[in-house]
Amino acid sequence: QEVIKGQSAISVSVDLVSLQVLVTDTKGNVLTGLKPENFTIYEDNVKQEIANFSPVESSITAVLLVEFSRNVEYFITDVWNGMYTFANSLRKDDWVAVIGYDMRPTILCDFTRDRRELEQALRRFTIPVSDDSNLSDALIDALDRTEEIEGKVAIILLSTGLDTFSRHTYEDALNKCKEANASVYAISLGQYFRLRMEAAGYRPSIDLLMADNRLRSFAEFTGGAAYFPRFQTELPAIFSNISQLLRNQYSIGYASTNTNKDGKFRKI
């Protein structure tokens, strides 16, 4: 429109808070077909007005973060089967990157839709050579790399949960999870091996109990899920469940009534 002379233009910026919401029933089945009136948002116990709402049934953007230290030497087939089952669960429009970690994380394949490129990256997992498994460092690195990606991002973490001597602490990793853009879906490696050891009379060490707790916490703090498969035959169902959780969500946006930019976390 023509600008009227002698009048000033006023510019207003609005910070929109975007949420990706998953709804399930008590049995874990995903609920679809919901509408804006089915939702109410509170921020620090103050009701907010929903500005944007849409169901999301779209492609997946995921990072496959895989432990490849000597911790997984005895159940390397779990690693391979987990990676290939994940690859086979993808659709043609899904984006995926592959990162392997031991002492440090290594990008084996940047985000791609090319399944041949993905398979070439998976073939690089041959024989573990390092005793070190720096989980906190690897997870923080992956969360940093996905920080600027728009939309829902998933980190599929295939790991024992063990951490040898990461530069970052477990607390650092949890704090990073709080502000992360991505959700962590952790799949524990070696559960079958552990069950056999326990059946033989060995008690799980405190390190293994802490490892399971790490995986649960990383998933919980990012709105993901943790899985502890006992047998390789459980993997297809796990990846199918992750796919369903990621593809059937609701995108909700609101402009907060609290306009203070104090850098503090708020409870939604």
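Structure values in brief
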{"item": "Sole exception among (1) among the hydrophobic types (A, V, I, L, M, F, W, C); (2) touching a Ser or Thr at 6+ places or on another chain (Cβ under 6 Å); (3) free of Cβ contacts under 8 Å to residues at least 60 places away in the same chain for A200, by number", "result": "(2)"}
{"item": "Hits in the range 119-138 - residues which are open to solvent by less than 60 Å² (accessible area, probe 1.4 Å) and either among the polar types (S, T, N, Q) or part of a helix (DSSP H, G or I) (or both)", "result": "A121, L122, S130, S133, N134, L135, S136, D137, A138"}
{"item": "Qualifying position, being surrounded by 11 or more Cβ atoms within 10 Å (Cβ to Cβ) and modelled with pLDDT under 85, among V79, V66, V14", "result": "V79"}
{"item": "Condition check for R116: basic (K, R), surrounded by fewer than 17 Cβ atoms within 10 Å (Cβ to Cβ) and farther than 24 Å from E171 by Cα", "result": "yes"}
{"item": "Any hit, the range 223-232, residues being modelled with pLDDT under 85, closer than 29 Å to N134 by Cβ and surrounded by 12 or more Cβ atoms within 10 Å (Cβ to Cβ)", "result": "yes"}
{"item": "Positions within the range 207-226 being free of Cβ contacts under 8 Å to residues at least 24 places away in the same chain and within 8 Å of the chain's Cα centre (by Cα), in sequence order", "result": "none"}
{"item": "First in the range 63-77 and of a type in the set (V, I, T), second anywhere and part of a helix (DSSP H, G or I), Cβ under 6 Å, 6 or more apart", "result": "V63/A142; V72/V79"}
{"item": "Top-ranked residue in the range 84-113 [being open to solvent by 80 Å² or more (accessible area, probe 1.4 Å) and part of a helix (DSSP H, G or I); ranked as farthest from S69 (Cα to Cα)]", "result": "N88"}
{"item": "Subset of the range 233-253 that is open to solvent by less than 40 Å² (accessible area, probe 1.4 Å) and of a type in the set (S, T, N, Q) - its residue that is farthest from L143 (Cα to Cα)", "result": "N248"}
{"item": "The range 163-199, subset of a type in the set (K, R) and either open to solvent by 70 Å² or more (accessible area, probe 1.4 Å) or under 17 Å from the mean Cα position of the chain (by Cα) (or both), residue nearest to D102 (Cα to Cα)", "result": "R167"}
{"item": "Meets criteria (surrounded by 15 or more Cβ atoms within 10 Å (Cβ to Cβ) and aliphatic (A, V, I, L, M)) for I268", "result": "no"}
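The values are calculated or read from the model by the stated rules, or taken from the named source; none is laboratory data. No experiment lies behind these values; they were computed from the predicted model shown. So basically every Cβ, Gly included, is an ideal-geometry build from the backbone, and we count neighbours across all protein chains shown. Keep in mind that these areas ignore ligands, DNA and RNA; they rest on the heavy atoms of the full protein, side chains included. Shrake-Rupley method; radii C 1.70, N 1.55, O 1.52, S 1.80 Å.
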